[in-house]
Amino acid sequence: MRPIDKFTKDIDLIKFINSKEEVDYIFLYRVTRKVKNDSTISIQNILFEVPQRYVGDTINIRYDPTSMDKAYIFSNDNLLIDTIYPVKKIDNSKIRREHNVKPVDFSSFNPNENERSMN
């Protein structure tokens, strides 16, 4: 069978990609990383800032190792979710962060009961 015959026989199995971006995303390196409490991940010893909603999560990252100026967060369904960038350490030091820590509930604390138990 000639190559052209094989190609035309299986033409319905070929998936055409609509955009150049999709082709670019397919050839990126793929890694998973757990987002640290300071909303960062490390890729090839470069610290990247990640949106705070991912703290504690393991996320799918794709990146071009020849151009470490950005990386991409992809869902488990291979959909692009977010673009992330290396940490700018001076800018990062000035950002006020929300804390995901629940406040301590002191409503059950009754100081009068403590005084009675000590006497």
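Taking the criterion of being among the acidic types (Asp, Glu), within 25 Å of Ser19 (Cβ to Cβ) and outside any loop (DSSP other than H, G, I, E, B), would at least one residue in region 66-84 satisfy it? Yes, region 66-84 contains at least one residue that is among the acidic types (Asp, Glu), within 25 Å of Ser19 (Cβ to Cβ) and outside any loop (DSSP other than H, G, I, E, B). Might you check whether a residue that is without any contact (Cβ under 8 Å) to a residue 24 or more places away in the chain and in contact with a helix residue (DSSP H, G or I) (Cβ under 7 Å, 6 or more places away or on another chain) occurs anywhere in region 8-25? Yes - at least one qualifying residue is present in region 8-25. Consider region 7-27 and keep the residues that are charged (D, E, K, R) and surrounded by 10 or more Cβ atoms within 10 Å (Cβ to Cβ). The one that is nearest to Ser75 (Cα to Cα) is Glu22. Could you tell me whether region 48-55 includes any residue that is of a type in the set (D, E, K, R) and touching a Leu at 6+ places or on another chain (Cβ under 6 Å)? No, region 48-55 contains no residue that is of a type in the set (D, E, K, R) and touching a Leu at 6+ places or on another chain (Cβ under 6 Å).
Of all residue pairs spaced 6 or more apart or on separate chains, those with beta-carbon atoms under 8 Å, a first member in region 71-95 that is free of Cβ contacts under 8 Å to residues at least 40 places away in the same chain and a second member that is exposed (fewer than 10 other Cβ atoms within 10 Å of the Cβ) and charged (D, E, K, R) are Tyr85/Asp69.
Quick one: is Asn60 at pLDDT 90 or above, polar (S, T, N, Q) and surrounded by 13 or more Cβ atoms within 10 Å (Cβ to Cβ)? Against the criterion (at pLDDT 90 or above, polar (S, T, N, Q) and surrounded by 13 or more Cβ atoms within 10 Å (Cβ to Cβ)), Asn60 qualifies.
The values are calculated or read from the model by the stated rules, or taken from the named source; none is laboratory data. Note that the structure is a prediction, hence the values are computed from the model and not measured. A quick note on method: Cβ atoms are made from the backbone with ideal geometry, for glycine too, and the neighbour counts reach across all protein chains shown.
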